[in-house]
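The values are calculated or read from the model by the stated rules, or taken from the named source; none is laboratory data. Since we're looking at a predicted model, the values are computed, not measured. Positions of Cβ are generated from backbone atoms using ideal geometry, with glycine treated the same way; all protein chains shown enter the neighbour counts. Keep in mind that these areas ignore ligands, DNA and RNA; they rest on the heavy atoms of the full protein, side chains included. Shrake-Rupley method; radii C 1.70, N 1.55, O 1.52, S 1.80 Å.
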There are 2 protein chains.
Amino acid sequence: MLKAAILGFGTVGSGTLEVLERNADTVARNAGEAIEVKYILDLRDFPNEPHQERFVKDFAVIENDPEVSIVIETMGGKGAAYTFTKRSLEAGKNVVTSNKELVATHGAELLEIAARKNVNYLFEASVGGGIPIIRPMQRCLTANHLTQITGILNGTTNYILNRMIDGGLDFATALKEAQELGYAEANPAADVEGIDACRKVCILADIAYGDNVAPEKVETEGITAITLQDVAYAEQADSVVKLLGRTVLQEDGTFYAFVAPHFVKKSSPLACVTGVFNGILVTGDMLGDAMFYGQGAGKLATASAVAADVIDCAVHKNKRRSIGWGDGSKNLVRSLDTFASNWYIRVQGADAADKLAQAFPNSKVLEPVQAEEAAVLTDVLTTAEMNEKKAQLGNVLGCMRLL
Amino acid sequence: MLKAAILGFGTVGSGTLEVLERNADTVARNAGEAIEVKYILDLRDFPNEPHQERFVKDFAVIENDPEVSIVIETMGGKGAAYTFTKRSLEAGKNVVTSNKELVATHGAELLEIAARKNVNYLFEASVGGGIPIIRPMQRCLTANHLTQITGILNGTTNYILNRMIDGGLDFATALKEAQELGYAEANPAADVEGIDACRKVCILADIAYGDNVAPEKVETEGITAITLQDVAYAEQADSVVKLLGRTVLQEDGTFYAFVAPHFVKKSSPLACVTGVFNGILVTGDMLGDAMFYGQGAGKLATASAVAADVIDCAVHKNKRRSIGWGDGSKNLVRSLDTFASNWYIRVQGADAADKLAQAFPNSKVLEPVQAEEAAVLTDVLTTAEMNEKKAQLGNVLGCMRLL
């Protein structure tokens with residue numbers, strides 16, 4: 001019998017308890033022994049929960065209980081979660097988390113402590129919710145150089161974009177609907193500004209390329225500026241607008257890493273990733289494309305990934321899994337300035353068509369969807385070149401890369 | 001430095017050598033040491049290959065070389081491959097394979113020998129080619145009961161069906177094209193009759209439900225009877241025709257396992273799996289749906305999965321991974337007779353419409369695509385009920401389940 005403690009009894013924390021208890025049979029069979037949640041740490045009271053005795057408010061109780069070998073951190077954030085994770089690892093306990101912000105920011109350091117203490121720090125649920133992605137990358141794609149990672153990593157923004165595409169709602173209305181359905185937070189910034197996707201790109205890049213990528217190194221653009229006109233132009237290009245987190249590896253081992261909305265061709269498997277689902281397309285030099293698709297969020301889906309990591313801790317008791325990456329000193333992330341791509345650009349003004357024709361001689365002209373504007377699909381340009389063109393043109397209403 | 005031997009220098013065997021050599025850096029980093037292919041067993045001569053000295057024709061050379069700790073079986077079939085695999089395991093060597101036929105038929109026995117000799121028998125490449133599926137099921141979905149597995153498991157048939165759907169080719173023409181492109185064998189029976197998909201269903205079920213499923217227990221129907229008319233009716237139902245391998249778990253732990261062509265709704269992620277790609281949709285009671293998508297075949301894609309297993313053997317040297325399933329004595333596979341579903345059925349004859357209306361009162365009538373026939377989408381019926389109706393009706397031109 002293994003004893004675990006849950007830190008933070010919110011959506012994922014309570015979901016993890018539910019998974020471990022409802023599927024106790026499967027969990028025990030796969031873990032090799034039963035797993036019991038001995039403590040639940042939360043500052044709030046949960047008078048209606050059974051087993052009141054296991055609710056505690058003082059982390060030291062967990063830290064000092066040698067019986068607890070697995071700590072499940074589902075608090076989120078980089079404050080107490082960071083401190084408690086460090087103290088748990090230092091106390092020789094395995095830690096499992098769904099906290100993408102913490103892994104993206106302090107993952108390298110925490111994995112180093114885990115290595116030193118010969119325990120596991122696992123975070124499958126930090127990217128793609130319930131979708132297996134971290135472990136497959138670490139265990140199944142090991143004979144490949146991962147030349148590209150292209151992911152729909154945030155279900156909230158994917159839902160909003162889908163409602164704009166299929167439902168004809170504008171951004172504000174689609175966001176409001178997502179909030180009413182509980183898909184978006186009251187403060188949606190982390191989602192709609194791409195911050196959440198950025199953290200996930202960092203974690204994927206850390207694993208794929210072996211050196212820490214700080215979130216501030218990843219140029220991030222959200223979807224707040226996307227309009228129904230952009231969506232209509234995408235349709236003309238036989239594409240859909242998707243917020244993508246991307247890494248693109250170069251010959252020399254450096255790579256581009258960024259988050260931005262794109263025109264995604266309908267023939268791409270990523271175009272089929274609708275609603276709140278996530279899809280992560282990984283391209284290996286030997287494998288070619290593989291996509292991992294599923295619920296990127298949600299209580300039980302995310303909890304099932306957390307629980308799988310708990311089981312993995314049980315299976316690998318005293319056999320630490322060798323995960324880790326450098327401290328970021330290799331500086332592998334390139335500036336986007338030199339990243340080349342085809343683009344969609346939309347400009348306002350009676351003379352917009354002429355200006356675009358001059359600026360982009362080899363471009364494909366799109367049918368204007370309203371008066372006094374024009375839009376084209378350009379030839380291949382670097383980000384720096386496109387930024388220069390935009391500055392010259394002025395009145396740019398929309399601009400996205402094509403995938 | 002680990003020494004390996006490749007048995008069978010065909011597509012996958014030579015691809016595995018290429019992956020291990022071209023990506024020797026990644027392989028060594030992830031394996032913790034370099035991996036050298038010391039022997040290649042094949043009865044044919046390969047005069048143009050470098051390192052002629054490593055080509056051998058006598059398996060005993062490999063069997064008796066204590067330096068060889070990993071045997072890569074890419075011969076296929078259940079003959080010599082079976083014997084050599086057993087002898088390798090008995091000799092205390094790890095075995096890695098892409099041989100779905102062997103794993104589906106003798107997997108339980110071979111895993112038992114591996115357990116007894118404390119070595120690994122790994123077969124990630126046996127299902128889904130390069131797509132990570134076996135390991136994610138064993139390591140990432142461990143907190144779930146897998147209520148359904150729904151897979152496009154054979155790239156050849158998926159390509160043929162796609163050409164019928166998008167290209168308007170009839171089955172024979174599409175098959176001929178697939179053969180010319182090297183996607184289908186000269187003798188395509190194993191693919192088009194669903195035998196290959198059946199083997200993969202067996203392996204997935206073995207892992208998901210823990211007891212051996214013999215291929216003969218899995219009702220298997222191929223795509224040889226699919227016509228362009230069926231494809232046209234599917235379009236009316238906003239669906240596409242796909243060959244699916246399925247398992248459906250029941251409350252009591254028994255399950256249905258079968259292979260058959262289906263009408264798949266275009267809104268399903270499986271409908272987006274086109275060309276020679278595979279897609280495996282796994283449904284967990286906690287996770288919900290997750291799909292694994294990629295190249296189900298192809299030299300380097302499959303080889304990258306084989307190479308990942310080789311790396312896993314290196315990582316788990318003397319730490320055998322606990323994989324295994326029962327001998328099949330639990331008899332968990334149910335007869336399809338009681339499996340209920342909505343159906344598409346198409347009948348020939350001037351009075352076909354009336355006969356169908358009588359036989360299926362609550363059905364949705366489809367627009368006939370040629371004279372003297374009729375087709376409907378039925379209410380929910382069990383397989384036994386549908387078989388009875390078909391016997392009564394006679395002149396059945398097409399019949400498929402809906403998904």
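Restricting to segment A:228-266, count the residues that are in contact (Cβ under 8 Å) with a residue 12 or more places away in the chain and assigned to a loop (DSSP other than H, G, I, E, B).
Summing the residues that are in contact (Cβ under 8 Å) with a residue 12 or more places away in the chain and assigned to a loop (DSSP other than H, G, I, E, B) in segment A:228-266 gives 6.
Tell me, yes or no, whether segment A:29-50 has at least one residue that is within 28 Å of the chain's Cα centre (by Cα) and among the polar types (S, T, N, Q).
The answer is yes, given that some residue of segment A:29-50 is within 28 Å of the chain's Cα centre (by Cα) and among the polar types (S, T, N, Q).
Filter segment A:163-190 down to residues that are open to solvent by 20 Å² or more (accessible area, probe 1.4 Å) and either assigned to a helix (DSSP H, G or I) or closer than 29 Å to A:LEU111 by Cβ (or both), then give me how many there are.
Number of matching residues: 15.
From the list A:PRO261, A:PRO269, which one is farther than 18 Å from B:PRO136 by Cα and surrounded by 24 or more Cβ atoms within 10 Å (Cβ to Cβ)?
Just one listed residue meets the conditions, A:PRO261.
Just one of (1) within 11 Å of another protein chain (Cβ to nearest Cβ); (2) over 31 Å from the mean Cα position of the chain (by Cα); (3) of a type in the set (A, V, I, L, M, F, W, C) trips up B:VAL61, so point out which.
Condition (1) is where B:VAL61 drops out.
Quick check on this structure: which one of B:ALA31, B:ALA24, B:ALA80 is within 14 Å of another protein chain (Cβ to nearest Cβ), surrounded by fewer than 18 Cβ atoms within 10 Å (Cβ to Cβ) and of a type outside the set (Val, Ile, Thr)?
B:ALA24
Please indicate, with yes or no, whether at least one residue in segment B:275-290 is assigned to a loop (DSSP other than H, G, I, E, B), within 14 Å of another protein chain (Cβ to nearest Cβ), in contact (Cβ under 8 Å) with a residue 12 or more places away in the chain and small (Gly, Ala, Ser).
yes
Considering B:LYS117, B:LYS78, B:LYS93, which residue is touching a strand residue (DSSP E or B) at 6+ places or on another chain (Cβ under 7 Å) and in contact (Cβ under 8 Å) with a residue 12 or more places away in the chain?
B:LYS93
Would you check if B:ASP58 is of a type outside the set (Val, Ile, Thr) and either in contact with a helix residue (DSSP H, G or I) (Cβ under 9 Å, 6 or more places away or on another chain) or surrounded by fewer than 14 Cβ atoms within 10 Å (Cβ to Cβ) (or both)?
Taking the combined requirement at face value, the residue satisfies it.
Being open to solvent by less than 10 Å² (accessible area, probe 1.4 Å), farther than 27 Å from B:ALA172 by Cα and part of a helix (DSSP H, G or I) is the filter here; which residues of segment B:195-222 pass it?
The answer is B:CYS202, B:ILE203, B:LEU204, B:ALA205, B:ASP206.
For segment B:143-153, check the following and say yes or no: at least one residue is in contact (Cβ under 8 Å) with a residue 60 or more places away in the chain, away from every other protein chain (no Cβ under 14 Å) and either open to solvent by 10 Å² or more (accessible area, probe 1.4 Å) or under 18 Å from B:GLY298 (Cα atoms) (or both).
Yes, because at least one residue in segment B:143-153 is in contact (Cβ under 8 Å) with a residue 60 or more places away in the chain, away from every other protein chain (no Cβ under 14 Å) and either open to solvent by 10 Å² or more (accessible area, probe 1.4 Å) or under 18 Å from B:GLY298 (Cα atoms) (or both).
Which residue pairs have Cβ atoms closer than 8 Å, lie 6 or more positions apart in sequence or on different chains, and pair a first residue in segment B:300-328 that is within 7 Å of another protein chain (Cβ to nearest Cβ) with a second residue that is at pLDDT 90 or above and surrounded by fewer than 17 Cβ atoms within 10 Å (Cβ to Cβ)?
B:LEU300/B:GLU18; B:ALA303/B:GLU18
Could you go through segment A:101-111 and let me know if any residue there is in a loop (DSSP other than H, G, I, E, B), surrounded by 18 or more Cβ atoms within 10 Å (Cβ to Cβ) and among the hydrophobic types (A, V, I, L, M, F, W, C).
No, every residue in segment A:101-111 fails to be in a loop (DSSP other than H, G, I, E, B), surrounded by 18 or more Cβ atoms within 10 Å (Cβ to Cβ) and among the hydrophobic types (A, V, I, L, M, F, W, C).
Say we look at segment B:247-258 and pick out the residues that are farther than 14 Å from B:LYS330 by Cα and touching a Ser or Thr at 6+ places or on another chain (Cβ under 6 Å); which of these is least open to solvent (accessible area, probe 1.4 Å)?
B:ALA257
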